[in-house]
Amino acid sequence: MADLSLSGLASGFDWKTVVEQLANLERAPQRRLRREQSTINQRKDAVSTLVSELENLKSKSEALTKSDFFTGSGTATSTNDKYATATSTSSTPVGNYTFVFDQLATAAIRKGGTDAGGAVNTNATFSSSGSAGFAVQVTTGYFTINGQQITVDSNTKLGTDGSTDPDTIIYKINNSGAGVTATYDSATDKITLTAGSNITLGASGDTSNFLQAARLSNSQGQSSTIVSSTGIGGVNPASTVSSVNFSTALTDTSGSFKINGVSVSYAASDTISTMLQRITDSAAGVVAAYDSANDQFTLTNKTTGDIGISLEDVSGNFLAATRLSSGTTMAGQNAKFTVNDGPQLESLSNTLSEISHGIAGLTVRALKQTETSGADSSVTITVGKDNATIKKGITDFVDQYNKVQSVIDSQTASSTDATGKVTSGILAADTMVVEVASKLRNKMVADVSGLSGTIKRLESIGLKTDGNTNRITVLDEAALDEAISDNKTELKTLFAGASDGVGTRVEKYLDTVSGLDGSLVSHRDTYAKQSTQIDQQVVEMEKQVQSYRQRLIDSFLAMEKAQSQINQQMQFLLQRFQ
């Protein structure tokens, strides 16, 4: 049987198009609701924008009503930043404070014994492992003595006096044609170069650092004898604990020690660089380093002041091997200073806080010891009011108020075009929003109680309305500057009076309008609920439309069926009467 759901198959009538048109006519109420919903959503968005701007205004008013906004110090300036800088807080008393820095604080330093590294290994090659024991790793290439190039490769080693091994430095120098004899003294760990005339070391094209690693230089002047300035053996920081060239051998390649009571462990595979960083990163409060020039380990306190450094080998003898335990400590010293010719005070740090000098909220950073006489014998710190910050706080408050009024104007204003057509703002009929604009203006311009001087309202400090709008402008900036400079007490009452200050009034009012339970917030939520209700109504309406559409389809299908049966009967009769 033919598919009767095909529109007009039996009847020749396109009834499906008719069904869709009729169903669409039934959706007319939905379209009216959607247009209404669009307007509601626009109003909701407009109120949301206004609430956001009102919250910004509330934030500006809160800043003005803080207890220290008008009375806080704000600024601290130094007469000489080379010697000291300073900062202050709102609790710092205004005034001048003269500092004399008799002594700056320094950190304690523990210097281990020199020659921590052992003598070089004359039979080891200058490999990357550092097994030769040079304090400075020797690189391959060539160096020059008296114009003769001497090659260093991965097979080269130092050798001993009179060596006949062509891979030794001693042999290479002695047989280079430079006219120089090289010897090595294991007792002093130094190389000596001798010749019948003055010796010239190095050339601009040298690619090996052997002369530097051997501590040989032309600094001894025009001489026929040049000796290493210090022992050439030392500790290669890249060496592992198990292979490091210490002059005092490690009893164990793993163990632990304490610095300032903090335990640090080591293992055979740890490099010296790793150990130095581990000490520095620990809670011991020191910076660990190795001075290759003096073959010496050092520990420096991270904090200044007369604070010591304690050491203890717990298992193994790492501190003894590095010669830190047998070294000496250069004690740190406290900063010593006076304020306003008072008694000498001390501080562990060069950052002098209220704890050390007793001036509330003032922090002074001593950078250099003052001179004993003259203009640089003292530094004066001046603590004053930060008038620029106060002015900005006031103008930001007024600017945000004006922005709120501008937003309300744009949302409620109506305009008429050349043809006389009137276009209303999205909230033109919203009395609650219009009321906010009016009440805010009253809170801003009304007199403030508790003021008996020249300042009674915003107009007294040069802030006025133009009479035509709700906006406020700075018409007399000089009056505002004068009030900030000379009348901070009255200015504080004007804005931050506990019961009637402008900022106080605005803040309290906005709590009732844009706060969590404010009237505008509830108003916005009402619009949102209305929009949601329309969504629900449209859903129910569409169900009815779909039901109506299905009834139409069922009716037309019945018609198609009946038409199909009639067509079949007609064909039968025509066949009979032919």
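Just so you know, all these numbers are worked out from the coordinates, no wet-lab data involved. Bear in mind that the values here come from a model prediction, so they are computed numbers and not experimental data. Please note: Cβ atoms are built from the backbone with ideal geometry, for glycine as well, and neighbour counts cover all protein chains shown.
Within the range 323-373, which trypsin sites (Lys or Arg not before Pro) sit in a loop by DSSP and count at most 16 neighbouring Cβ atoms inside 10 Å? Listed in order of number, the matching sites are K368. For the chain, find the longest principal axis of its Cα atoms and tell me its angle to the long axis of helix 15-26, 0 to 90°, nearest 10. With rounding to tens, the tilt is 80 degrees. Taking 17 Å as the straight-line reach from the Cα of K157, the lysines in range (excluding those fewer than 8 positions away in the same chain) are K172, K190.
The angle between the Cα long axis of helix 519-576 and the main principal axis of the chain comes to about 60°, on a 0 to 90 degree scale.
Between helix 387-412 and the chain there is an angle of about 30 degrees, using the helix long axis and the longest principal axis of the Cα atoms.
To the nearest 0.05, what FRET efficiency results for Q546 and T39 with a Förster distance of 22 Å applied to their C-beta separation? Efficiency, rounded to the nearest 0.05: 0.25. Using every pair of distinct Cα positions in the range 141-227, the Kirkwood expression returns a hydrodynamic radius of 12.9 angstrom. Peptide packing: for 563-575, 108-120, 199-211, the average count of neighbouring Cβ atoms within 10 Å per residue gives the ranking 108-120, 199-211, 563-575, highest mean first. The structure-derived value of P(r) over Cα pairs in 10 Å bins from 0, in percent appears in the list [x] 4, 18, 29, 26, 15, 7, 1, 0; [y] 3, 10, 10, 10, 8, 8, 8, 7, 7, 6, 6, 5, 4, 3, 2, 1, 1, 0, 0; [z] 3, 11, 11, 10, 10, 9, 9, 10, 10, 8, 5, 3, 1, 0, 0 under the label [z]. Per-residue Karplus couplings for the range 223-235, computed as 6.51 cos²θ - 1.76 cosθ + 1.60 with θ equal to phi - 60°, are listed in order as 9, 8, 9, 10, 10, 3, 5, 9, x, 8, x, x, 9 Hz, Gly and Pro entered as x.
Each helix, a run of at least 4 DSSP H residues, gives -39500 (n - 2.57); summed and divided by the residues of the chain, these come to -12000 deg cm²/dmol at 222 nm. Our note on the geometry: Cα centres of the range 60-120 and the range 400-441, 53 Å apart. Electrostatic tally near S242: other residues with Cβ closer than 15 Å to its Cβ, Lys and Arg +1, Asp and Glu -1, net -2. For the residue pairs K421/K508; K60/K529; K439/K492; K58/K421; K302/K385, alpha carbon separations beyond 29 Å are given by K421/K508; K60/K529; K58/K421; K302/K385. Distance between the modelled labels on T489 and A283, one decimal in nanometres: 5.3 nm (7 Å Cα→Cβ projection). Neighbours of S282, meaning other residues whose beta-carbon lies under 12 angstrom from its beta-carbon, give a summed charge of +2 when Lys and Arg score +1 and Asp and Glu score -1. Under 20 Å of direct C-alpha separation, and excluding same-chain neighbours fewer than eight residues apart, K561 reaches these lysines: K16. Counted residue by residue at 0.36 nm each, then reduced by the alpha carbon distance between them, the extension gain from Q21 to D341 reaches 105.3 nm. G462 sits among other residues whose Cβ lies under 12 Å from its own Cβ, and their net charge, with Lys and Arg +1 and Asp and Glu -1, is -2. Mind checking which of T194, N175, I150 is farthest towards the positive end of the range 141-227's charge dipole, using Cβ charges of +1 (Lys, Arg) and -1 (Asp, Glu) about the Cα centre? It is T194, whose Cα lies furthest towards the positive end.
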